[in-house]
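*Asks:* Before I ask anything, let me first share the structure, which is written out below as structure tokens.
The values are calculated or read from the model by the stated rules, or taken from the named source; none is laboratory data. In this text the structure is predicted, and so the values were computed from the model without any measurement. We place every Cβ from the backbone using ideal geometry, glycine too, and count neighbours over all the protein chains shown.
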Amino acid sequence: MKIEFYKYHGTGNDFIIIDNRDLRWKPDHQQVAFLCNRHFGIGSDGLMLLSNAEGFDFGMTYFNSDGNESTMCGNGGRCLAAFARLLGMVDTKVRFYAIDGEHEASILNESGNVTQIKLKMKDVIMEEPIGENFFIDTGSPHYVIFSTNVNRLDIVKKARKIRYDTCFAEEGTNVDFVEIKNDHLFVRSYERGVEDETLSCGTGITASALAAAVKTPGNPGFFKVKTRGGELKVSFNQEENIFSDIWLEGEAELVFRGLIEMNCA
């Protein structure tokens, strides 16, 4: 069967997206890994299926590039909202259901293939820091490390030791390295399931901003965040260790669309 796919990226975090409302395809581990393979498939950090979801504009199913279904993806959620807009399913307000529950998004503006979107993330209750670092669940688990000269770090080597540490159980964790600059944060992220650094990670950027808020009392309730793939903004309400009304804002871009032959039995 020939399947139509769309390739999107959010600040360099790239995804294959398939409209699965009528297709109702349930890809297996090998099929997802093949599609995401950058040498033999289309190539991406992950695969997303847009499906019907009663009471919502659509449902989101996310797979990492290793073929396994995964937890929430912030950049992916923004790209999926842009895709729904492209399909004519939504106007400027979006409600969808993901593995961590209900989300809403707002289409801020559109220019060609680029859509500016803000996505509401789940509320977060911060646990006590682990020394100078933080473990935060923003829809996906993240271990946040503050450092200097983050751009020079070998983050893959450092992150893998933490990602597979037994204290994070069998599922492991994502790992983010954060540097607090004068007017922004600089973040690099290692994602489990990709098992490498990605150019940007939405849930990781969110976790990094919330951790930075704890470390910088009197912050204005938002942070600009720069990654190797681009710039985003995280805004929030903070009452001591409780964060609500958390929004991740940035661009989602349609890169290309195409057809691929797959066995969908």
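*Asks:* I need the strands (runs of 3 or more DSSP E) fully contained in the range 186-265, keeping only those with at least 2 residues that are out of contact with any helix residue (DSSP H, G or I) (no Cβ under 8 Å at 6 or more places or on another chain). Even if it seems obvious, please write down each step before you answer.
*Replies:* Details: elements: 196-198, 222-227, 230-239, 242-261.
Once the strands (runs of 3 or more DSSP E) in the range 186-265 are filtered for at least 2 residues that are out of contact with any helix residue (DSSP H, G or I) (no Cβ under 8 Å at 6 or more places or on another chain), what remains is 222-227, 230-239, 242-261.
*Asks:* If a residue must be crowded, with 19+ Cβ neighbours inside 10 Å and over 15 Å from Ile205 (Cα atoms), how many such residues does the range 127-143 contain?
*Replies:* 0
*Asks:* Still on this model: I'd like to check something: does the range 101-120 contain any residue that is outside any strand (DSSP E or B) and in the same structural domain as Thr11 (by TED's automatic domain parsing)?
*Replies:* At the first step, the residues of the range 101-120 found to be outside any strand (DSSP E or B) are 112-113.
Filter once more, keeping what is in the same structural domain as Thr11 (by TED's automatic domain parsing): 112-113.
Yes, that holds for at least one residue.
So that you can scan it fast, the table gives a plain yes or no per residue for (1) modelled with pLDDT under 95; (2) part of a loop (DSSP other than H, G, I, E, B):
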position	(1), (2)
Lys7	no, no
Lys26	yes, yes
His39	no, yes
Gly43	no, yes
Thr71	yes, yes
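*Asks:* Right, another one. How many residues are over 20 Å from Arg188 (Cα atoms) and modelled with pLDDT under 95 if we restrict to the range 207-223? Walk me through how you get there before you give the answer.
*Replies:* Taking the range 207-223 and keeping what is over 20 Å from Arg188 (Cα atoms), we get 217-221.
Narrowing the set further to residues that are modelled with pLDDT under 95 leaves 217-220.
So the answer is 4.
*Asks:* Which numbered condition in (1) of a type outside the set (Lys, Arg); (2) in contact with a Gly (Cβ under 8 Å, 6 or more places away or on another chain); (3) surrounded by fewer than 24 Cβ atoms within 10 Å (Cβ to Cβ); (4) within 21 Å of Gly77 (Cβ to Cβ) is the only one that Asn37 fails?
*Replies:* Just one mismatch for Asn37, condition (4).
*Asks:* For the range 127-138, indicate whether the set of residues that are among the hydroxyl-bearing types (Ser, Thr, Tyr), over 17 Å from the mean Cα position of the chain (by Cα) and under 20 Å from Gly229 (Cβ atoms) is non-empty.
*Replies:* The first filter runs over the range 127-138 and keeps only residues among the hydroxyl-bearing types (Ser, Thr, Tyr), leaving 138.
Filter once more, so that each one left must be over 17 Å from the mean Cα position of the chain (by Cα): none.
Within the range 127-138 (the criterion being among the hydroxyl-bearing types (Ser, Thr, Tyr), over 17 Å from the mean Cα position of the chain (by Cα) and under 20 Å from Gly229 (Cβ atoms)), the answer is no, since none of the residues qualifies.
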